[in-house]
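A quick write-up on the structure given underneath.
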Amino acid sequence: MSDVADRAEWRIAKDLENAMAHARKMPQLVADGHCHYCDEDVAHGLLFCNTDCRDDYQNEQKALRRAGR
Ligand SMILES: [Zn+2]
């Protein structure tokens, strides 16, 4: 069963890498149990309740950035 732990560690390192690359493009979001767009309750660790909310949020952020925030 030790290779499961090894794989988990690899996944975590990989996820961190992805998250860091992502964070440079996106403002840092903290998963607080609520959708960042509509405030709906979401499962632990999720930022949005569905892909529509995620897309709308990202469009909003893009618009804000374009407006020179
Ligand atoms: Zn939502």
| query | How about segment 35-68: which of its residues are aromatic (Phe, Trp, Tyr) and open to solvent by less than 70 Å² (accessible area, probe 1.4 Å)? | reply | 48, 57
| Out of segment 35-51, which residues are more than 8 Å from the ligand (Cβ to nearest atom) and under 21 Å from residue 19 (Cβ atoms)? | 43, 44, 45, 46, 47, 51
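Residue under question is residue 5, and the condition is that it be assigned to a helix (DSSP H, G or I), at pLDDT below 85, surrounded by 10 or more Cβ atoms within 10 Å (Cβ to Cβ) and more than 15 Å from the ligand (Cβ to nearest atom); does it hold?
Working: assigned to a helix (DSSP H, G or I): yes; at pLDDT below 85: yes; surrounded by 10 or more Cβ atoms within 10 Å (Cβ to Cβ): no; more than 15 Å from the ligand (Cβ to nearest atom): yes.
Judged against the criteria, residue 5 is not a match.
Looking at the structure I just gave you, is residue 54 within 13 Å of the ligand (Cβ to nearest atom) and either at pLDDT 90 or above or not in a loop (DSSP other than H, G, I, E, B) (or both)? Give the steps one after another, and end with the answer.
On the way: within 13 Å of the ligand (Cβ to nearest atom): yes; either at pLDDT 90 or above or not in a loop (DSSP other than H, G, I, E, B) (or both): yes.
So residue 54 passes the test.
The values are calculated or read from the model by the stated rules, or taken from the named source; none is laboratory data. Just so you know, these numbers come straight off a predicted model, no measurement behind them. Heads up, the Cβs are rebuilt from the backbone with ideal geometry, glycines too, and the neighbour counts pull from every protein chain shown. Just the protein is used for accessible areas: all its heavy atoms, side chains included, with ligands, DNA and RNA removed. Shrake-Rupley method; radii C 1.70, N 1.55, O 1.52, S 1.80 Å.
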